[in-house]
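Engineer: Can you keep this structure in mind? I'll have questions shortly.
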Amino acid sequence: MKKLKIAALASLVCASGLLMSVPATADLVFPSLSYRTGPYAVNGIPYADGYADYMTLVNERDGGIGGEKAQILECETGYNTQKGVECYESTKGQGALVYHPLSTGITYQLIPKATADGIPIHSMGYGRTSAANGKIFDHIFNYPANYWNGASHAVNHMLEVNGGDIKGKKVALVYHNSAYGKEPIRTLEELAAKHGYSLTLIPVDHPGQEQKSQWLQIRRERPDYVVLWGWGVMNQVAIQEAANIRFPMENFIGVWWSGSENDVKPAGPKANGYKALTFHDVGTNFPVFEDLQKYVVDAGKAAGNGDQVGTVLYNRGFYAGFLTVEAAKLAQEIHGTKDITPAMMRDGMEALKVDADLMAAAGLPGFGPEFEVSCDNHGGPGLGAVQQWDAASGSWKLLSDYAESDMSVIQPLIDEDSAGFAAENNIEARNCG
Amino acid sequence: MSPQFLFTIEVIANGLMAGVMYSLVALGFVLIFKASGIFNYAQGVMALFAAMTLVGIQNGQVPFSHLINAVFGTNIHHFGWNLPAIVAILITLVVMVLFAILVERLILKHLVNQEPIILFMATIGLAYFMEGFGDLMWGSEIKILDVGIPSGGSLWLEEKTIGWAAEGSNYYGMYIDKLDMIATVVAILLVISLTLFSQYTKTGRALRAVADDHQAALSVGISLRKIWVIVWTIAGFVALVAGVMWGAKSGVQFSLSLIALKALPVLILGGFTSIPGAIIGGLIIGVGEKLFEFTIGPLIGGATENWFAYVLALVFLVFRPQGLFGDKIIERV
């Protein structure tokens, strides 16, 4: 009898679990591989909230995407690659249209799996850079910018403030000692050969709580510029240590994953002037945020408590939501059906064209760069901007327009790396006409 | 003096300071292990929890506000006060006493006479529970810790030492972070206080008696449960100090719990039962890893500190398994 009760209880639990996780058949399903726990939760929460809130906004204000409700399937990865793969496996059978892995490690693991399953992946500003080559990576997208674009944007900014000449300058790269942190090295080395600056590589081991040696080295060698390629606590400690040794903040440039409010606030006023790259705007000064307040936050339907709206990482998740919804709309339009499949979603992503009119129509005028995705280019033109932290007002200010990166250096690297991947995996390049 | 020589001195000085920071974490482990034979896996999370509680109380944050608001539909987050640091620290200490009592009542009391591995596993459970409980209580966002501790390089020291190198050489004076200097003073005071407490107070002597022999201590009327509460309270206080010093660098956030990783090689090297061992072990690890990174690091690509600390500890382990100052365990068959 006791065994029977346990079995009945177990069945009930399983059934209720299924009821909670299986979406209604007509829903458009967008899994969210989020991390709300663990050492990187502080960054994972606003991004996941932004992504979820955009979908909620579309559902509440517009009645969904082309009349179909969007459903977020959230799965906790803890920024752990193994858990991320488990999340993919457990959600892919529920109608998943596109994955945002939100981790370079998870992206690398999912590239072969998702390609085999025919489900597109959008690794926005992270992941495998050479996935921009759509001829080889037919299901992987990394628009609007990738790591190598980021490295080039940092160098372009140095060129701009030095009148186009950085020959003889010393540049140090302080990077997370992982696949993610090592991504910009090759590009920075190629650009060093082109522009004549010297590059010093300074790795920091995970988690980066202690960086005394690295910053003593910087103090000794006095580079003209420091580029930061960190994540999590490594960013906060690096900015604090830079302030401690009185390194000029205007010469300290972080990649977009080292440029959120979380990274600069612990250093207080000493972080003033720190710069970071970005591929979208910050703040709430866009019409869509009025709708968000009305339909989502005030209605008590926000994923968080609304206090992160407008921050860098919230807006990044929100922007990811916007790009996903626009691609889904396009997919519906191309295939003439509201109930799209992952293959149709992929077609929508490949045909995506984000221009001023599209952003304005979505209430996001000038929020990000204008770009176009194509069969052979899944990364777009790689436009990016530089933002600067104003400690007094506690906000980021865009310093530049969205500018181009040095594709004359980056494109050969993308071609070389993707060709290597194709050779390793016996992939024949698609004919993109 | 040559700049290279001065840089080496600077690296050693900063290594010593970093070692003190590691020792602050290691001390908490030693206190609990010495008194109860428990390797407290939750020590790093205790540092995080104590620092979160301190910031929360200081800023007047309502604990469990997200939960309260979700359940009751309210929108409360702050009490509207900002307490002076010293008041917040005192209240946090009271919280850590309550925490120690709860740990004893809810966990340790039920595990008396269990194998050390069972107690160790109980502290793993405690660590994961506290991670979630801390987030639920205070939220998971990064909290800025401001208890008035200055940070940044000491200008005074830089100006005094800039003339030590020949004029025109590439030397900018000796760099030592003011925060590290304060941490050193705090660590010295902490060790002196702990030593005086254990040598000259009745409770301290009881602690030492329990550490030496549980059975003998019980036979002369020392309450093991009371001693455990006291030890966990002191470990909670040490965790607060470590949390404040580390949290001042990076803000109070989840990663603070990972500072325990820096304490493990210190414990292996200094021994699990010696307070001076924790200090000396910390200093050796701090100087060793910084010097290695300075001299050998550039030749092999850098980022050597994490693994080198463990290699150094393992070398010591081969020759002195009990650590430099640990008690030698001889078990007769």
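Engineer: Evaluate peptide A:213-221: per residue, the Cβ atoms of other protein chains within 10 Å of its Cβ; return the mean as an integer.
Structural biologist: Mean inter-chain Cβ contacts per residue within 10 Å come to 6.
Engineer: Hey, what number do you get for chain A at 222 nm if only DSSP H runs of n ≥ 4 count, each worth -39500 (n - 2.57), divided across all residues, to the nearest 500?
Structural biologist: Using -39500 (n - 2.57) per qualifying helix, the result is -13500 deg cm²/dmol.
Engineer: Decide, for region A:300-433, between rounded, prolate and oblate: order the square roots of the alpha carbon gyration tensor eigenvalues as a ≥ b ≥ c, take rounded if a/c falls under 1.5, and otherwise choose prolate if a/b is larger than b/c, else oblate.
Structural biologist: oblate
Engineer: Another question, then. Which shape class, rounded, prolate or oblate, goes with region A:362-433 when its Cα gyration tensor gives a ≥ b ≥ c as root eigenvalues, a/c under 1.5 marks rounded, and past that a/b bigger than b/c marks prolate?
Structural biologist: Since a/c reaches 1.5 and a/b is larger than b/c, the shape of region A:362-433 is classed as prolate.
Engineer: Pop out the ³J(HN,Hα) list for region B:37-52 in order, Karplus 6.51 cos²θ - 1.76 cosθ + 1.60 with θ = phi - 60°, rounded to Hz; leave Gly and Pro as x.
Structural biologist: Result, rounded to whole Hz: x, 9, 7, 7, 4, 7, 4, x, 5, 4, 4, 5, 4, 5, 5, 4.
Engineer: Take every Cα pair under 8 Å in chain A that's 6+ residues apart, average their separations, divide by the length, and report that relative contact order as a whole percent.
Structural biologist: 20 percent
Engineer: Within chain B, what's the longest stretch lacking GluC sites (Glu not before Pro) that sit in DSSP loops with no more than 15 other Cβ atoms inside 10 Å?
Structural biologist: B:1-166
Engineer: Of A:Val161, B:Val25, B:Met137, which is farthest along the charge dipole of the protein assembly as shown in the positive direction, counting Lys and Arg as +1 and Asp and Glu as -1 at C-beta?
Structural biologist: In the protein assembly as shown, that residue is B:Val25.
Engineer: Around B:Gly19, with a cut-off of 13 angstrom between Cβ atoms, what is the net charge of the other residues, counting Lys and Arg +1 and Asp and Glu -1?
Structural biologist: Charge balance near B:Gly19 sits at -1.
Engineer: Report, as an integer, the average count of C-beta atoms from other chains found within 10 Å of each Cβ along B:243-253.
Structural biologist: For this peptide, the per-residue mean of nearby foreign Cβ atoms is 5.
Engineer: I need the phi-derived Karplus couplings for region A:39-53: 6.51 cos²θ - 1.76 cosθ + 1.60, θ = phi - 60°, integer Hz, Gly and Pro marked x.
Structural biologist: Listing the rounded values in order: x, 10, 4, 4, 8, x, 5, x, 5, 5, 5, x, 5, 5, 5 Hz.
Engineer: Divide by every residue of chain B the summed helix terms, -39500 (n - 2.57) for each DSSP H run of at least 4, and state the resulting mean residue ellipticity at 222 nm, rounded to the nearest 500 deg cm²/dmol.
Structural biologist: -22500 deg cm²/dmol
Engineer: Have a look at the protein assembly as shown and give its Rg and Dmax from the Cα atoms, expressed in angstrom.
Structural biologist: Using the Cα atoms of the protein assembly as shown, the pair Rg, Dmax is 27.8, 90 Å.
Engineer: Counting only other residues whose beta carbon sits under 10 Å from that of B:Lys262, what net charge do I get with K and R as +1, D and E as -1?
Structural biologist: Result for the local shell: -3.
Engineer: What does the charge dipole of region A:147-278 about its Cα centre add up to, to the nearest 20 debye, if the Cβ of each Lys and Arg holds +1 and the Cβ of each Asp and Glu holds -1?
Structural biologist: So the magnitude is around 320 debye.
Engineer: Using alpha carbon centroids, what distance separates region B:262-333 and region A:386-433, in Å?
Structural biologist: Their Cα centres are 43 Å away from one another.
Engineer: Same structure again: Of A:Thr284, A:Trp215, A:Val325, which is farthest on the positive side of the dipole of the protein assembly as shown, counting Cα position, with +1 on Lys and Arg Cβ, -1 on Asp and Glu Cβ, and the Cα centre as origin?
Structural biologist: Of A:Thr284, A:Trp215, A:Val325, it is A:Trp215.
Engineer: Using amide H atoms built in the peptide plane, which far-off residues or other-chain residues are under 5 Å from B:Val62 H to H?
Structural biologist: Distant-sequence amide H within range of B:Val62: B:His78, B:Phe79.
Engineer: Taking amide hydrogens as modeled 1.01 Å from N in the peptide plane, which residues meet the under 5 Å criterion relative to A:Ile65, leaving out close sequence neighbours?
Structural biologist: Answer set, sorted by chain and number: A:Ala70.
Engineer: Along the charge dipole of region A:35-167, which of A:Val85, A:Ala131, A:Val42 sits closest to the positive end, that is, farthest toward it, with unit charges on the beta carbon of Lys, Arg, Asp and Glu (+1, +1, -1, -1)?
Structural biologist: A:Ala131
Engineer: While we're looking at this one, here's another question. Between A:Asn80, A:Asn43, A:Asn377, which gets the highest mean-square fluctuation from a Gaussian network model of chain A, Cα cutoff 10 Å?
Structural biologist: Looking only at A:Asn80, A:Asn43, A:Asn377, the biggest GNM fluctuation is shown by A:Asn80.
Engineer: Right, another one. Along its principal axes, what span do the Cα atoms of region A:69-143 show, with the longest given first and each in whole Å?
Structural biologist: Its Cα atoms span 29, 27, 21 Å along the three principal axes.
Engineer: Going by amide H atoms built from the backbone, whose H comes under 5 Å of the H on A:Asn133, apart from near neighbours?
Structural biologist: Here the answer is A:His378, since their amide H atoms fall under 5 Å of that of A:Asn133.
Engineer: Exceeding 20 Å between C-alpha atoms, which entries from my cross-link table qualify? They are A:Lys353/A:Lys397; A:Lys167/A:Lys194; A:Lys212/A:Lys275; A:Lys92/A:Lys113; A:Lys167/A:Lys270; A:Lys270/B:Lys143.
Structural biologist: Beyond 20 Å: A:Lys353/A:Lys397; A:Lys212/A:Lys275; A:Lys167/A:Lys270.
Engineer: Per residue and in cubic angstrom, what volume does the convex hull of the Cα atoms of chain A have?
Structural biologist: Hull volume normalised by residue count: 159 Å³.
Engineer: What is the distance in Å between the Cα centres of region B:131-208 and region A:250-326?
Structural biologist: Centre-to-centre (Cα) distance: 34 Å.
Engineer: Could I ask something else about it? Per-residue mean of other chain beta-carbon atoms within 10 angstrom of the beta-carbon, peptide A:288-299?
Structural biologist: 0
Engineer: Using C-alpha positions alone, give me the convex hull volume of region A:147-278 per residue in cubic angstrom.
Structural biologist: Expressed per residue, the convex hull around the Cα atoms of region A:147-278 is 88 Å³.
Engineer: Still on this structure: If you place +1 on the Cβ of every Lys and Arg, -1 on the Cβ of every Asp and Glu, and leave all else neutral, what size is the dipole of region A:340-432 about its Cα centre, to the nearest 20 Debye?
Structural biologist: 360 debye
Engineer: Could you grab the relative contact order for chain B? Cα pairs under 8 Å, six or more apart, rounded to a whole percent.
Structural biologist: In percent, rounded to a whole number, it is 34.
Engineer: May I ask you to sort B:Ile124, A:Ile72 by Cβ crowding, counting other Cβ atoms within 10 Å and putting the fewest first?
Structural biologist: With the fewest neighbours first, B:Ile124, A:Ile72 line up as B:Ile124, A:Ile72.
Engineer: Okay, moving on. Can you run phi through the Karplus equation (6.51, -1.76, 1.60; θ = phi - 60°) for region A:399-404 and list ³J(HN,Hα) in whole Hz, with x for Gly and Pro?
Structural biologist: Running phi through 6.51 cos²θ - 1.76 cosθ + 1.60 with θ = phi - 60° gives 8, 9, 7, 6, 10, 7 Hz.
Engineer: Based on other C-beta atoms within 10 Å, arrange A:Arg128, A:Arg220 from fewest to most.
Structural biologist: A:Arg220, A:Arg128
Engineer: Here's a follow-up. Could you work out how much longer the chain between A:Glu189 and A:Asn272 gets when fully extended? Use 0.36 nm per residue separation minus the Cα distance between them, nm to one decimal.
Structural biologist: Length gained between A:Glu189 and A:Asn272: 27.0 nm.
Engineer: Compute the signed sum of charges (Lys and Arg +1, Asp and Glu -1) over the other residues within less than 13 Å, Cβ to Cβ, of A:Cys432.
Structural biologist: Surrounding charge for A:Cys432 is -2.
Engineer: Where is the GNM fluctuation largest for chain B (alpha-carbon springs, 10 angstrom cutoff): B:Gly80, B:Gly15, B:Gly281?
Structural biologist: B:Gly80
Engineer: Tell me the angle of helix A:81-91 to the major Cα principal axis of chain A, expressed in degrees between 0 and 90 and rounded to the nearest ten.
Structural biologist: In chain A, helix A:81-91 runs at an angle near 30 degrees to the longest axis.
Engineer: Which of these, A:Phe421, A:Phe247, A:Phe141, has the largest mean-square fluctuation under a Gaussian network model of chain A (Cα springs below 10 Å)?
Structural biologist: Its mean-square fluctuation being the largest, the pick is A:Phe421.
Engineer: Can I ask one more? Determine, for B:Met1, A:Met349, A:Met249, the number of other Cβ atoms within 10 Å of each Cβ, and report the residues in order from fewest to most.
Structural biologist: Lowest to highest Cβ neighbour count: B:Met1, A:Met249, A:Met349.
Engineer: A further question on this structure: Label region B:3-257 by shape, choosing from rounded, prolate and oblate, from the square roots a ≥ b ≥ c of the eigenvalues of the Cα gyration tensor; if a/c is under 1.5 it is rounded, and otherwise prolate applies when a/b is larger than b/c, oblate when it is not.
Structural biologist: Judged from the Cα gyration tensor, region B:3-257 comes out oblate (a/c at least 1.5, b/c at or above a/b).
Engineer: Write down, largest first, the equivalent ellipsoid semi-axes of region B:59-109 in whole Å, where each equals the square root of 5 times an eigenvalue of the alpha-carbon gyration tensor.
Structural biologist: Taking √(5λ) for each eigenvalue gives 26, 20, 4 Å, largest first.
Engineer: Could you work out the relative contact order of region A:166-248? I mean the mean sequence separation of Cα pairs under 8 Å and 6+ apart, divided by the number of residues, in percent.
Structural biologist: 40 percent
Bear in mind that the values in this text are calculations on the coordinates, not laboratory data. Keep in mind that this is a model prediction, so the values were computed, not measured. Positions of Cβ are generated from backbone atoms using ideal geometry, with glycine treated the same way; all protein chains shown enter the neighbour counts.
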